[in-house]
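Below is one structure, written out as structure tokens; the observations come after it.
The values are calculated or read from the model by the stated rules, or taken from the named source; none is laboratory data. On a predicted model such as this, the values are computed, not experimentally measured, just so you know. Because the Cβ atoms are built from the backbone with ideal geometry, glycine has one as well, and the counts that use them run over all protein chains shown.
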Amino acid sequence: MMSRELWRKFKAFLMKQILIVEDDEKSLYLARFILDKEGYDVIEARDGLDALDKIAKETPALILMDMQLPKLDGYEATRRIKADERLSKIPVIALTAYAMRGDREKTLDAGCSGYIEKPIDPTTFVEEVKKYF
Ligand code: MN
């Protein structure tokens, strides 16, 4: 008999669970809508602390992280994830509102594997996300 914990991890593995950390309702809705439709198991968090809490309970295969977040920003949340050896292998992709070069470097310095620009482009979003699995 498979334990609840093991089943949860197995499901996350099969479904390719994605955690979206985003405080902007429209961006969150759009990202979730697109990824749901593609068959991903989407979970969400609205701020940095909420994100760390979700990651402690779930095992997402990928994290999409807005950088401007209440309570704990995306940079610090990413640094904490990368400092935890249990979590550090989970790719974190920054969702950046500003396509400024300095911002991109800052996300990579914090430990992000890459970034996707907002507003989300529904025609390219899934392909961009798939690159990071
Ligand atoms: Mn934000």
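Key figures for this structure:
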read-out	value
Test: residue in the range 111-127 that is within 14 Å of the ligand (Cβ to nearest atom) and exposed (fewer than 15 other Cβ atoms within 10 Å of the Cβ)	yes
Subset of the range 11-31 that is within 11 Å of the chain's Cα centre (by Cα) and either of a type in the set (D, E, K, R) or away from the ligand (no atom under 16 Å from the Cβ) (or both) - its residue that is farthest from K89 (Cα to Cα)	E22
Residues that are part of a helix (DSSP H, G or I), among the hydrophobic types (A, V, I, L, M, F, W, C) and more than 19 Å from A31 (Cβ to Cβ), drawn from the range 74-133	A83, L108, A110
Sole exception among (1) in contact (Cβ under 8 Å) with a residue 40 or more places away in the chain; (2) in contact with an Asp or Glu (Cβ under 7 Å, 6 or more places away or on another chain); (3) over 25 Å from T124 (Cα atoms) for K71, by number	(1)
Residue list for the range 75-97, restricted to those being of a type in the set (A, V, I, L, M, F, W, C), surrounded by fewer than 16 Cβ atoms within 10 Å (Cβ to Cβ) and at pLDDT 95 or above	A83
Close pairs from the range 22-40: first closer than 17 Å to A97 by Cα, partner within 11 Å of the ligand (Cβ to nearest atom) and in a helix (DSSP H, G or I), Cβ under 8 Å, at least 6 apart	E22/L28
Looking only at the range 98-117, and only at residues there that are among the basic types (K, R) and farther than 12 Å from T78 by Cα, the one that is modelled with the highest pLDDT	R104
Scope the range 48-75; condition away from the ligand (no atom under 13 Å from the Cβ) and under 12 Å from the mean Cα position of the chain (by Cα); matching residues	L52, K54, I55, T59, P60, A61, L62, I63
